[in-house]
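Worksheet for the structure shown next.
Bear in mind these aren't lab numbers, they're just calculated from the coordinates by the rules spelled out. The structure displayed is predicted, hence computed values, not measured ones. So basically every Cβ, Gly included, is an ideal-geometry build from the backbone, and we count neighbours across all protein chains shown.
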Amino acid sequence: MSTTHSPSERPREPGEPTLVLRRVAKSFGQVVALASADLTVHAGSIHALVGENGAGKSTLVKIVAGLYTRDSGDFELAGESVNFTSTAESKAAGIAVIYQEPTLFPDLSVTENLFMGRQPVSRFGRIDRKAMRAEALRLFERLAVRIDPDRPAEGLSIADQQILEIAKAISLDARLLIMDEPTAALSGVEVDRLFAIARSLRDEGRALVFISHRFDEVFALCDTITVMRDGRYISTDDIAAVTAEEIVRRMVGRDVSDLFPKQETTIGDVLLNVTGLSSPGVFSDITFTVRSGEIVGLAGLVGAGRSEIARAVFGVDPYTAGTVTLGGTRVPPNSPTAAMARGMALVPEDRRKQGLVLESSVARNTTLSIRRTLAKAGIITSGFENAAAAIWASRLEVKTSALDSEVGTLSGGNQQKVVLAKWLATNPRVLIIDEPTRGIDVGTKAEVHRLLSELAGRGMGILMISSELPEVLGMADRVLVMREGRLTADLPRAEATAEAVMLAATHPGGAADAHTGTPNEAVAS
Amino acid sequence: MSDTTTRTPTRTYRNYAHPLWRRILFTREMAIIALLVLVVIYASATVRGFGSPITFTYLILDVTPILLIALPMTLVIITGEIDLSVASVVGLSSVVVGTLTQAGWPIALVFLTALVVGAIGGAINGFLITVVGLPSLAVTIGTLALYRGLAVGLLGTTAVTDFPEYWTALAKSRFVGTSIPAIIVPFLILAVIFAVLLHFTPFGRGIFAIGLSSDAATFSGVHVARTKFILFVLTGLVSAFAGIYYTLRFGSARGDNATGLELSVIAAVLLGGVSIFGGRGALHGVIAGVLLIGVLGSALRLANITSDVINIITGVLLVLSVVASSLLAFLRTRRQKPKAATPVTAG
């Protein structure tokens, strides 16, 4: 397989259109999710679908997958008009959707997951385990991956789980594969492997749709690109004919000139002081400070222990040694309430599970953290909650139809704004924010970054954990790097280059160099 | 660019997606209350003796233990837990009252001891569930047997019946000139306390958050374990109070008092619109649910229908109410389709 990814070097003849959507519309009550969506995907090509959160990508995918039925418009598969009323019908028609985080049966083996619901049957109606296992091995060989077919699905990396889904799709001979933000939780090596598989599927003549917020990936992988905005089709182009700047402009309907609006701030006294924090098997001897007005980035690979530190400092997880102080007073372990009382806030990594009570309203979510201070004589009413929530929703420009709407119905970006509102309402002195912009659209990303800069400008200390290197380098005054549960570097902004951070995050020897030396030495080692 | 966090709000928000009447009328609680009213009207018109004051008095006297225990049980179920040991705590409390009265203790101290025993029973449940981390279903199946065993073991198969007449009369007494039993007063006080606790306090907000997402509640500073522990202690306490009432009402302390009552309580709570998965429910619905089961039982007994048939009817009602709520949710999603099918060009 060719290692060059430049689209210009692989002139391709697009095949027949596999999927054609024309003027597809879908509304939920009063809310228009799709106003008029067009999408044509050809066999033997990888088609990027981009747009801000709330642009209608997910709704479109769910219509194609048979989860939703469209209200109007044309939906053709290989030239035939189709009308799916269930995911089973869409699967049978050769459509496979690979989600960001596949749902497997954790206690069943890889092979059993692969053939769930369609196990090959031998004589007397018994499941033919041998045939199943052989087929699984054949599929993995074809995808050039190594996954033990007998191991339980539990503990598989997200990348391997996705590959399992792809293997399933291939064994069903899917002609259209839709990958919905598959790379959000993958490491660089895993992304490369996924892309190699995607290209080989394309070369077999299958049609692929790739949804992503990461433009470098879109441009490296895809042949054509469709932009959506506000539930509408905007444009479709050959990938070589457009630039990332042009695509972003179409997505947001305006220029986003400054994605990382870093303000110069005066850095003050130490607010958060973490000393010798240890938790066996998770992280050890973690020491760092966050000063007033300072944004400290915490970088490292997924699994290096960054989120675990955030949870321990905030008191959600226990630790065995070390101390945490905030503004000179000790923060006791194991008590988020005590941490909050001393002025700490944590915007957690998993917005949907940890950040929000999804089935509760926008107002209740926004005020859950301040429910005690909101109460008068121990009594809290919806009136108090709505008044407080309206202020914060308005300041952060949360888009919702009403304050009693379930927060789970909002787009990812708006959900993140509700989490931020909930924590800013506590008026914290130190904000720990874990993956501030994961899975949210470009426009909201810039808003979140601007907000963080403003907060630092007014003296808040911010610890920002991020897997997006441009975000860390663009926003942080100082960058801490972790590798395998240890802090391996503490780089001031001037020395924090992509090379220095990645070296400290990945290279065992790079740690000491990055700690003491200049970035040049670190890069050289 | 003005400062995001300090500038004056520019956007305005509707507080509610639906008007007030829809938020009040289109609820599961309202459906149960409407059903209760219909059954009362129908039974009064057709069942001989149902409308009489004495029927009302006995109806209230009979459902009071369920009404009382349903209050804390609602809160426990909304956090996503369950307490099956409540009827055994009633029995244990009854036995404590009986033995200590027999031993000649002052009556106030007898009641206090029974309440403390109930609270300890609840605390043991709470400890095993929140500190040891065992599932409440398993823990309370165990303590259901344990507390019942203790109760029967303490008193054997005998019954204590020689209670001061003042107290047994008080349990059954009515307000002068009415058919309203006096026991309604402590119940109403407790009902108001629990309703305020659940619906109008930060503690109550925590209860709902725990039931919907324990993780998100933890990250928001809700004391998940402490909240649950408190609720189990409250359940034990109220169950012990129900046990004191039960003993005096029937003038009899027995180890097997109120056997099986836990299922009536849980059935009534679920009928009242509380989700067994936690996170949803309201106390007025639960009270209507208890009364509905009580009224049905009372009317059917008066109509000479056997208790097996009454059980079948309440069972069917419970299943139907669960089916109806999911059917309603299903219809709601279906109904949106024709509305959305109109062309959406504006926008």
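Placing R0 at 35 angstrom, the Cβ-Cβ distance between A:Ser86 and B:Val39 gives a FRET efficiency of 0.30 after rounding to 0.05. Simple rule: put +1 on each Lys or Arg Cβ and -1 on each Asp or Glu Cβ in the range A:106-155, find the dipole, and look at A:Phe115, A:Ala144, A:Ala134; the Cα lying farthest toward the positive end is A:Ala134. Measuring r between the beta carbons of A:Lys376 and A:Ser171 and using R0 = 45 Å, the FRET efficiency lands at 0.15.
So the label point goes 7 Å from the Cα of B:Ile24 along Cα→C-beta, right? Which residues of the range A:371-385 then have their backbone N under 19 Å from it? So the set is A:381-384.
Rg(Cα) of the range A:146-269 divided by 2.2 N^0.38 Å? Please list the in-between numbers first.
On the way: Rg = 18.4 Å, N = 124, 2.2 N^0.38 = 13.7 Å.
Taking N as the residue count of the range A:146-269, the ratio is 1.34.
Per-residue Cβ neighbour counts within 10 Å put A:Asp269, A:Asp490, B:Asp83, A:Asp441 in the sequence A:Asp269, A:Asp490, A:Asp441, B:Asp83, beginning with the fewest. Relative to the longest principal axis of the Cα atoms of chain B, helix B:261-271 runs at roughly 20 degrees. Overall size of the range B:176-235 from C-alpha positions, given as principal axis extents largest first: 55, 20, 14 Å.
Ranked from highest to lowest mean number of other Cβ atoms within 10 Å per residue, what is the order of the peptides A:414-420, B:26-32? Present the calculation step by step, with values, prior to reporting the outcome.
Details: A:414-420: 26.1, B:26-32: 17.9.
Final packing ranking: A:414-420, B:26-32.
Per residue, the average separation of C-alpha pairs within less than 8 Å and at least 6 apart gives chain A a relative contact order of 15 percent.
Within the range A:106-155, the ratio Rg/Rh, alpha carbon atoms throughout and Rh by Kirkwood, equals 0.99. With respect to chain B, whose longest principal axis is taken over its alpha-carbon atoms, helix B:107-126 is tilted by about 40°. Building the convex hull from the alpha-carbon atoms of the range A:184-335 and averaging its projection over directions returns 13.4 nm². Each principal axis of the Cα atoms in the range A:351-426 has its own extent, and those three values, largest first, are 36, 23, 20 angstrom. Mean residue ellipticity, 222 nm, helices only, the protein assembly as shown: the sum of -39500 (n - 2.57) across DSSP H runs of n ≥ 4, divided by residue count and rounded to 500, is -15000 deg cm²/dmol.
Mean silhouette area of the range B:210-266, derived from the convex hull of its C-alpha atoms and averaged over all directions, reads 5.0 nm². Scaled to the globular estimate 2.2 N^0.38 Å, the Cα spread of the range A:61-169, given as radius of gyration, is 1.23. Only the Cβ atoms of Lys and Arg (+1) and of Asp and Glu (-1) were treated as charged; on that basis the dipole of the protein assembly as shown about its Cα centre amounts to roughly 2800 debye. Annotation: lysines with alpha-carbon distance below 22 angstrom to A:Lys445 (same-chain offsets under eight excluded): A:Lys57, A:Lys262, A:Lys353, A:Lys399, A:Lys417, A:Lys422. Between B:Val309, B:Gln102, B:Val39, the Cα set farthest toward the positive side of the dipole of the range B:28-323 (charges on each charged residue's Cβ, about the Cα centre) is that of B:Val39.
Rounded if a/c is under 1.5, else prolate if a/b beats b/c, else oblate: with a ≥ b ≥ c from the C-alpha gyration tensor eigenvalues square-rooted, which is the range B:28-323?
Numbers: a/c = 1.71, a/b = 1.08, b/c = 1.58.
Oblate is the answer for the range B:28-323, as a/c is 1.5 or above yet b/c matches or exceeds a/b.
Using the number of other C-beta atoms within 10 angstrom as an exposure proxy, rank B:Trp21, A:Trp392 with the fewest first. Each step should come with its number before you reach the end.
Values: B:Trp21 8, A:Trp392 24.
Least to most surrounded, the residues fall as B:Trp21, A:Trp392.
Relative to the dominant Cα principal axis of chain B, helix B:283-302 is inclined by about 50°. With r as the distance between the Cβ atoms of B:Leu109 and B:Ile184 and R0 = 22 Å, compute the FRET efficiency 1/(1 + (r/R0)^6) and round to 0.05. Efficiency computed from Cβ-Cβ geometry: 0.25. Summarised in one figure, the compactness ratio Rg/Rh of the protein assembly as shown, Cα atoms and Kirkwood Rh, is 1.02.
Here the label points at A:Leu67 and A:Glu246, each 7 Å from Cα along the C-beta direction, are separated by 3.2 nm in the simple model.
With the simple spin-label model, which puts each label point 7 Å out from Cα in the Cβ direction, the A:Ala498 to A:Arg458 separation comes to 3.4 nm. Neighbour counts of other Cβ atoms within 10 Å put B:Thr168, A:Thr400, A:Thr287 in the fewest-to-most order A:Thr287, B:Thr168, A:Thr400.
Across peptide B:201-208, the mean count of Cβ atoms from other chains lying within 10 Å of each residue's own Cβ comes to 5.
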